[in-house]
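A.B. asks: Please find one structure pasted underneath; my questions will follow.
Just so it is clear, none of the values below were taken in a lab; they were calculated from the coordinates. All of these numbers come straight from a predicted model, not from anything done at the bench. All Cβ positions, glycine included, derive from the backbone under ideal geometry; neighbour counts span all protein chains shown.
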Amino acid sequence: MRNAGLGGWPARRALMSPDRTAFVFRGRSLTYAQVHERTTALAHRLRSAGVAPGDRVAYLGPNHLAFAETMLATHVLGAIFVPLNFRLAAPEIAYMLDHSGASVLVHAPECAATVTALPAGPAARIPVADLHTPPDLHTPPDLHTLPQSTLPQSTVPETAAPASVGTIDVPVTLDDPALILYTSGTTGRPKGAVLTHGNLVWNTFNLLADVDVTSEEVTLVSAPLFHVAALNQTLLPTFLKGGRSIIMPSWDVDDCYDLIAEHRVTWMFGVTTMFAAFARSPRWPGADLSSLRLLMAGGAPVPPWLIREYQDRGLVFSQGYGMTETAPGATFLEAGMSARKVGSAGVPVFFSRVRVVRPDRTEAPPGEPGEVLVQGPNVTPGYWDAPDATRAAFTPDGWFRSGDIGAFDADGHLHILDRAKDMYISGGENVYPAEVESVLSEHPAVAEAAVIGVPDDTWGEVGRAIVVARPGAGADAEELVAFLRGRLASYKIPRSVVWADALPRTSSGKIVKPELRATYSGDVG
């Protein structure tokens, strides 16, 4: 086999364990042999749509078997998979399709309205329902009339793809791009972080060095697969080991309890808000959670009180630190250290190096804050079609600059002290204020605006906009929020707006965000 990347995984795993269950979705199961057959058939379908090595295939939809199948089939062809956040608005999706140069967009029925709102473009649009239907034998249905209930049935037919479908063996190296993952931009536009097949393989190795994943693993995939953590920290390692991934369409507390009980789930990943909601459920005190041997958290630090609440149930957290550009693992806190090192992001993962440096890039001693730098085979080679952003992201000697401020303790455990630039995390979603501010500034009543994250009991943080009005212009908070709807994903839209006469600035004209947070983070009525 000439495909050394992820496209070779279905065939290799089917040869090793054809009858083991690979994926479960809404009660439907696929064995590894079926995954191989179906991804091969789907690769032929994509090839007939014109997909060739190096082309980009975008996917828009919630968690589903079709996500995994489309990704693997794309990699069978040596093409690049571009998973898109289905919560984004049509203009945001349109930018990513155009920027990545995607030749195909595979989309789910839930995203019909967004797809319909997209401007005409070169990307061929394939409904999820048509993935396993030859294009010359099927007329795509009207997406507006396709009910959501058809999604699982239409994409997982009773009979798998025929075994007679011809083998595809395209040469792919570990240095070839596998994914383009869009990260919210700090300058108003998202950047497409490129992850190679090697980045994904080495990240999997790093994960397996820290977590004892076995072929008997039953992994609950409950976080969005378009995010790097759910995809690379749970689904791919489980697939490599021949375990079983239970895929949830979206996060739901009661569904989570039901699936743990039904499948005896052993491992799950979540963000803080998910684990907090799970523990607040009335089912928490009496639920049988004895099958869970590992809970892995990421996206934002887990507060000590929540860790202790799980520890009281005999459950422990393994936390990590990383970012899309590190595929994502940079440091990891093993389960055995979770009580002793509460709040720590752990130690560098096995095959990567992490440094904390002063502004002059000399090493910061333990306890001294500095910028976190990462180097290793899991680190992105750069951003898609953005040479300036790529150069700015690396030091002259090749270390990736996280932009995060951290400090090592005396035991070599990393503690993250501040977030990258002014980003905040709302319900596990990264929100970069500059992107929101850019759209806010388009409103005719807005002279200038700044957005900060403020505490929220449900989402961890939500946005608050501090707005300076144009002279003589009139607008209220509800009007500004309504203006943002349809232009930004809902989680990016500020939940409150306050008006100010001016924004604090440095002598160079930059807005002083710390001063804004100190003034406006509390209750402003």
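A.B. asks: Taking interchain pairs and intrachain pairs at least six residues apart, which have beta carbon atoms under 6 angstrom, with the first residue in segment 1-26 and under 16 Å from Thr214 (Cα atoms) and the second among the aromatic types (Phe, Trp, Tyr) and buried (at least 22 other Cβ atoms within 10 Å of the Cβ)?
C.D. replies: What qualifies is Arg13/Tyr32; Ser17/Tyr32; Arg20/Tyr32; Ala22/Tyr32.
This table checks each residue for (1) in contact with a His (Cβ under 7 Å, 6 or more places away or on another chain); (2) over 30 Å from Phe278 (Cβ atoms).
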residue	(1), (2)
Phe394	no, yes
Asp409	yes, no
Gly412	no, yes
Glu437	no, yes
Thr458	no, no
Val462	no, no
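A.B. asks: In segment 414-437, what residues are surrounded by fewer than 17 Cβ atoms within 10 Å (Cβ to Cβ) and outside any loop (DSSP other than H, G, I, E, B)?
C.D. replies: Correct list: Leu417, Asp418.
A.B. asks: If you don't mind, another one. Can you tell me which of Asp411, Asp388 is assigned to a loop (DSSP other than H, G, I, E, B), charged (D, E, K, R) and out of contact with any strand residue (DSSP E or B) (no Cβ under 7 Å at 6 or more places or on another chain)? So that I can check it myself, show each step before the final result.
C.D. replies: Numbers: Asp388 fails: assigned to a loop (DSSP other than H, G, I, E, B).
The match here is Asp411.
A.B. asks: Here's another thing I want to ask about it. If Leu480 passes every condition in (1) in a helix (DSSP H, G or I); (2) under 21 Å from the mean Cα position of the chain (by Cα); (3) of a type in the set (A, V, I, L, M) but one, which one does it miss?
C.D. replies: If we test Leu480 against (1) in a helix (DSSP H, G or I); (2) under 21 Å from the mean Cα position of the chain (by Cα); (3) of a type in the set (A, V, I, L, M), just (2) comes out false.
A.B. asks: Right, another one. Which condition number in (1) part of a loop (DSSP other than H, G, I, E, B); (2) over 26 Å from the mean Cα position of the chain (by Cα); (3) of a type in the set (Ser, Thr, Tyr) is the one that Thr458 fails?
C.D. replies: (2)
A.B. asks: Could you tell me whether any residue of segment 357-375 is buried (at least 18 other Cβ atoms within 10 Å of the Cβ), in contact (Cβ under 8 Å) with a residue 40 or more places away in the chain, touching a helix residue (DSSP H, G or I) at 6+ places or on another chain (Cβ under 9 Å) and outside any strand (DSSP E or B)?
C.D. replies: Scanning segment 357-375, I find no residue that is buried (at least 18 other Cβ atoms within 10 Å of the Cβ), in contact (Cβ under 8 Å) with a residue 40 or more places away in the chain, touching a helix residue (DSSP H, G or I) at 6+ places or on another chain (Cβ under 9 Å) and outside any strand (DSSP E or B), so the answer is no.
A.B. asks: Something else now. Given segment 27-139, what helices (runs of 4 or more DSSP H) lie entirely inside it while holding 3 or more residues that are without any contact (Cβ under 8 Å) to a residue 60 or more places away in the chain and surrounded by fewer than 18 Cβ atoms within 10 Å (Cβ to Cβ)? Give the derivation first.
C.D. replies: Working: elements: 32-48, 65-76, 90-100, 112-117.
Hits in segment 27-139: 112-117.
A.B. asks: Just to be sure, is Leu60 over 20 Å from Leu235 (Cα atoms) and within 19 Å of the chain's Cα centre (by Cα)?
C.D. replies: no
A.B. asks: Taking only pairs six or more apart or across chains, which ones have beta-carbon atoms under 7 Å, a first residue in segment 385-404 that is in contact (Cβ under 8 Å) with a residue 24 or more places away in the chain, and a second residue that is part of a helix (DSSP H, G or I)?
C.D. replies: Asp385/His99; Phe400/Glu325; Phe400/Thr326; Phe400/Ala393; Arg401/Ala393
A.B. asks: Within the group Leu181, Leu195, Leu207, which residue is in contact with a Gly (Cβ under 8 Å, 6 or more places away or on another chain), part of a strand (DSSP E or B) and crowded, with 20+ Cβ neighbours inside 10 Å?
C.D. replies: Leu181
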